[in-house]
Amino acid sequence: MLADTHCHLDFQEFENDRKIVIENALNEGVGFIINPAIDLVSCLKAIEITRNFECVYATVGIHPHNAEGYSEEIFDSLTKLVSERKIVGIGETGLDFFYNKSSRQKQIEVFKKHIEIAKKYDLPLIVHQRQAQDETMEIFGSMKSPTKVVFHCFSGDEKFLEWAISKGFYISFTGILTFKNAIELKKIAEKVPLNRVFFETDAPYLAPVPFRGKRNEPRFVRFIVEAFAGIRKMSVKEIAHLTTENAIKFFGIESIKK
């Protein structure tokens with residue numbers, strides 16, 4: 001079984017064929033999909049999708065791009081959604097100092113709030129980090145971490161990987177791993193412990209080779225698994241099994257199904 005641990009099915013790109021996209025993923029062996037939200041509207045849409053599709057789960061949070069203008073009232077509304085049965089995490093949250101669509105100060109404030117919420121409800125934290133390694137490490141160094149943390153669409157260097165693994169955090173790879181020029185990321189893939197990794201499409205973005213430049217879909221997660229298996233010189237079946245078990249454990253999928 002495969003798993004797509006980060007896919008934005010709530011986005012407009014899937015509005016016209018969402019059901020078909022999910023069915024195609026199931027037919028390709030994808031057992032479950034995690035839909036992280038990026039703002040309050042996205043949270044509500046993601047929850048609606050989980051109610052309509054058994055294989056879809058969701059997380060609730062505010063993306064750093066959307067951090068500006070968020071208040072305690074917004075977070076109160078967000079935390080009320082945590083009780084939904086198929087909410088399996090908090091996020092995506094974090095820091096993006098590449099685009100800086102929200103002020104750095106506001107991003108840090110909102111990120112810290114998410115960390116507190118994840119700890120309060122004992123839920124996994126899904127972290128977006130882009131060109132903010134030092135600040136991310138500083139924040140986690142100043143606060144007690146949630147039990148489970150994953151860096152989605154990992155883009156850090158080897159130093160950041162070593163730090164994350166030392167903290168017991170998880171690493172998630174996207175279709176970037178299939179790109180020819182992703183030399184440094186492939187070096188990271190060689191080093192990451194197999195019990196700390198899983199995969200995601202981040203659809204509709206970052207479609208893997210041979211679909212690069214097209215709309216990404218959950219069914220394409222297979223190509224990321226194949227790329228990783230090639231890097232580690234292991235069978236696709238073995239990597240799929242190990243990493244899907246990691247995702248099941250991380251998000252608590254089996255306990256939800258029971």
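A quick yes/no check of all residues on (1) buried (at least 17 other Cβ atoms within 10 Å of the Cβ); (2) out of contact with any Phe, Trp or Tyr (no Cβ under 7 Å at 6 or more places or on another chain); (3) of a type in the set (Asp, Glu):
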| residue | (1), (2), (3) |
| --- | --- |
| 8 | yes, yes, no |
| 24 | no, yes, no |
| 31 | no, yes, no |
| 38 | yes, yes, no |
| 42 | yes, yes, no |
| 48 | no, yes, yes |
| 66 | yes, yes, no |
Quick test of your reading of the structure: residue 244 fulfils all but one of (1) surrounded by 15 or more Cβ atoms within 10 Å (Cβ to Cβ); (2) hydroxyl-bearing (Ser, Thr, Tyr); (3) farther than 22 Å from residue 169 by Cα. Name the failing condition by number. (3)
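Look through 4, 10 and report the one residue that is closer than 22 Å to residue 243 by Cα, charged (D, E, K, R), in contact with a helix residue (DSSP H, G or I) (Cβ under 8 Å, 6 or more places away or on another chain) and modelled with pLDDT of 95 or more.
Result of the check over 4, 10: 4.
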Which members of region 87-103 meet the condition of being in contact (Cβ under 8 Å) with a residue 40 or more places away in the chain and either of a type in the set (A, V, I, L, M) or more than 13 Å from residue 36 (Cβ to Cβ) (or both)? 87, 88, 90, 95
Out of 225, 127, which single residue is touching a helix residue (DSSP H, G or I) at 6+ places or on another chain (Cβ under 8 Å) and in contact (Cβ under 8 Å) with a residue 60 or more places away in the chain? 225
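Taking helices (runs of 4 or more DSSP H) that fall entirely within region 1-114, which contain at least 2 residues that are among the hydroxyl-bearing types (Ser, Thr, Tyr)? Before the answer, list the steps.
Numbers: elements: 18-27, 40-52, 72-80.
Of the helices (runs of 4 or more DSSP H) lying wholly inside region 1-114, those with at least 2 residues that are among the hydroxyl-bearing types (Ser, Thr, Tyr) span 40-52, 72-80.
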Considering residues of region 221-241 that are part of a loop (DSSP other than H, G, I, E, B) and at negative phi only, the residue surrounded by the fewest Cβ atoms within 10 Å (Cβ to Cβ): 235
Among the listed residues 76, 96, which satisfies the condition of being acidic (Asp, Glu), in contact with a Lys or Arg (Cβ under 8 Å, 6 or more places away or on another chain) and on the phi < 0 side of the Ramachandran plot? 96
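Could you tell me whether residue 159 is of a type in the set (Lys, Arg) and either buried (at least 18 other Cβ atoms within 10 Å of the Cβ) or under 16 Å from the mean Cα position of the chain (by Cα) (or both)? Walk me through how you get there before you give the answer.
Working: of a type in the set (Lys, Arg): yes; either buried (at least 18 other Cβ atoms within 10 Å of the Cβ) or under 16 Å from the mean Cα position of the chain (by Cα) (or both): no.
When the stated conditions are applied, residue 159 does not pass them.
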Only residues that are touching a residue at least 24 places away in the same chain (Cβ under 8 Å), aliphatic (A, V, I, L, M) and farther than 25 Å from residue 21 by Cβ: list them for region 183-205, please. 185, 188, 189, 192, 194
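Let me confirm something: among 61, 29, which residue is more than 18 Å from the chain's Cα centre (by Cα) and closer than 27 Å to residue 243 by Cβ?
Details: 61 fails: more than 18 Å from the chain's Cα centre (by Cα).
So the residue among 61, 29 that is more than 18 Å from the chain's Cα centre (by Cα) and closer than 27 Å to residue 243 by Cβ is 29.
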Residue list for region 40-73, restricted to those being hydrophobic (A, V, I, L, M, F, W, C) and either in contact with a Ser or Thr (Cβ under 9 Å, 6 or more places away or on another chain) or under 22 Å from residue 139 (Cα atoms) (or both): 40, 43, 46, 56, 58, 60, 62, 67
Applying the selection to region 140-156, what residues are surrounded by fewer than 18 Cβ atoms within 10 Å (Cβ to Cβ) and of a type in the set (A, V, I, L, M)? 143
Would you check which residues across region 165-199 are more than 17 Å from the chain's Cα centre (by Cα) and aromatic (Phe, Trp, Tyr) and list them? 179
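The values are calculated or read from the model by the stated rules, or taken from the named source; none is laboratory data. Note that the coordinates shown come from a computational prediction; the quantities given were computed from them, not determined experimentally. Because the Cβ atoms are built from the backbone with ideal geometry, glycine has one as well, and the counts that use them run over all protein chains shown.
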